[in-house]
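Novice: Questions regarding the structure given below will be posed in turn.
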Amino acid sequence: MKRLLIAALICVGASGVYAQDTKTDTAKNKDNGDIHIGYGDDDSDHPWKRHHDGDHSSYPKPYIGITFSRFDIGLSTLIDNGSFTLSPKNQFLNYRSWKSSNVGFDVIQMGVKVSKGFKIYISGGFDWTLMRLRKDITILPDQPTLTYRTDSIHYSKNRFGSSYLRIPLSFDFHSQEDRRGNRFHFVIGPDAGLLLNGRVKQISTEHGKQKIDDDYHFAKVRYGGFVRIGYAGWGLFAKYYANDMFENSPDQKGLKNFSAGMTFGF
């Protein structure tokens, strides 16, 4: 995961520098539709677009392409039947708040720019929720319900996480470009996810580094909503999933996931 984060941050930084270097060439690149590969804002003035002839003032303007955008990095929180305090049945999932994270980004998108200040797009990407467990336990794979074992060894890292294919539908309200070429964005919409994998990662003196993959009863499909607000290439995000985090595990009924943090690349 660390390698992925480092690679993602390098891509963000490199793309941002490229965008700065080519900004002066973008003013004339407005069109009715486009196919592009790029980073960040998909509005009309980007150098990565392959443009077509047409009436520059007409709407709607469809677009589709590969991207590296909406890179989220934040903290993840469990909500147990409306409470931030875990119930006795879920105390084994007690986690370190400041070390439990949510990371995600989009890699493909398609949408329509409806007007100068509003666009709608659907995108696809990846999303990870990583909970740093406090207790020396092992979440067991291939069990009829979410089951754990208390261990006699100490784990310097005990991480329990899931990865999803995320498919958000975004309603993006944004301002006109200011004199620096930046916009203010307010984005809201529903978010769906398809489970890719669950994983337990542990580090101990006795066993070194261990990784155990299983679905761990994570919901096969999750759904919820998100909001993003920001200026230029960065801002804040919040995501809440309305269905239970786990399925076919009665003790975890009502346990949901909420995440919030920084987002880069509108």
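Novice: Do you know which residues across the stretch 246-264 are in contact with a Lys or Arg (Cβ under 6 Å, 6 or more places away or on another chain) and buried (at least 21 other Cβ atoms within 10 Å of the Cβ)?
Specialist: Residues satisfying the conditions are Ser259, Thr263.
Novice: Which of the residues that make up the stretch 74-100 are touching a Phe, Trp or Tyr at 6+ places or on another chain (Cβ under 8 Å) and under 16 Å from Met262 (Cβ atoms)?
Specialist: Result: Gly74, Leu75, Ser76, Thr77.
Novice: Output the residue which, of all residues in the stretch 231-245 that are part of a loop (DSSP other than H, G, I, E, B) and either modelled with pLDDT under 95 or among the small types (Gly, Ala, Ser) (or both), is surrounded by the fewest Cβ atoms within 10 Å (Cβ to Cβ).
Specialist: So, considering only residues that are part of a loop (DSSP other than H, G, I, E, B) and either modelled with pLDDT under 95 or among the small types (Gly, Ala, Ser) (or both), the one surrounded by the fewest Cβ atoms within 10 Å (Cβ to Cβ) is Ala242.
Novice: Looking for something touching a residue at least 60 places away in the same chain (Cβ under 8 Å), touching a Phe, Trp or Tyr at 6+ places or on another chain (Cβ under 8 Å) and either over 30 Å from Thr147 (Cα atoms) or of a type in the set (Val, Ile, Thr) (or both) - is there at least one such residue anywhere in the stretch 239-256?
Specialist: No, the stretch 239-256 has no match at all.
Novice: Looking at Lys220, Lys211 in this structure, which one is exposed (fewer than 13 other Cβ atoms within 10 Å of the Cβ) and under 25 Å from Gly261 (Cα atoms)?
Specialist: Only one candidate passes the filter, namely Lys220.
Novice: Keeping to the stretch 127-138, report how many residues are of a type in the set (Val, Ile, Thr) and within 26 Å of the chain's Cα centre (by Cα).
Specialist: Count: 1.
Novice: Given the criteria farther than 20 Å from Leu196 by Cβ and among the acidic types (Asp, Glu), does Asp244 qualify?
Specialist: no
Novice: Anything in the stretch 139-160 that is buried (at least 16 other Cβ atoms within 10 Å of the Cβ) and either under 26 Å from the mean Cα position of the chain (by Cα) or within 21 Å of Tyr63 (Cβ to Cβ) (or both)? List them, or say none.
Specialist: Ile139, Leu146, Asn158, Arg159, Phe160, listed by residue number.
Novice: Does Asp136 satisfy the criteria of being at pLDDT 95 or above, under 30 Å from Lys211 (Cα atoms), surrounded by fewer than 18 Cβ atoms within 10 Å (Cβ to Cβ) and among the acidic types (Asp, Glu)?
Specialist: Against the criterion (at pLDDT 95 or above, under 30 Å from Lys211 (Cα atoms), surrounded by fewer than 18 Cβ atoms within 10 Å (Cβ to Cβ) and among the acidic types (Asp, Glu)), Asp136 qualifies.
The values are calculated or read from the model by the stated rules, or taken from the named source; none is laboratory data. Source: prediction; values computed, not measured. No Cβ is skipped: glycine too gets one built from the backbone with ideal geometry, and neighbour counts run over all protein chains shown.
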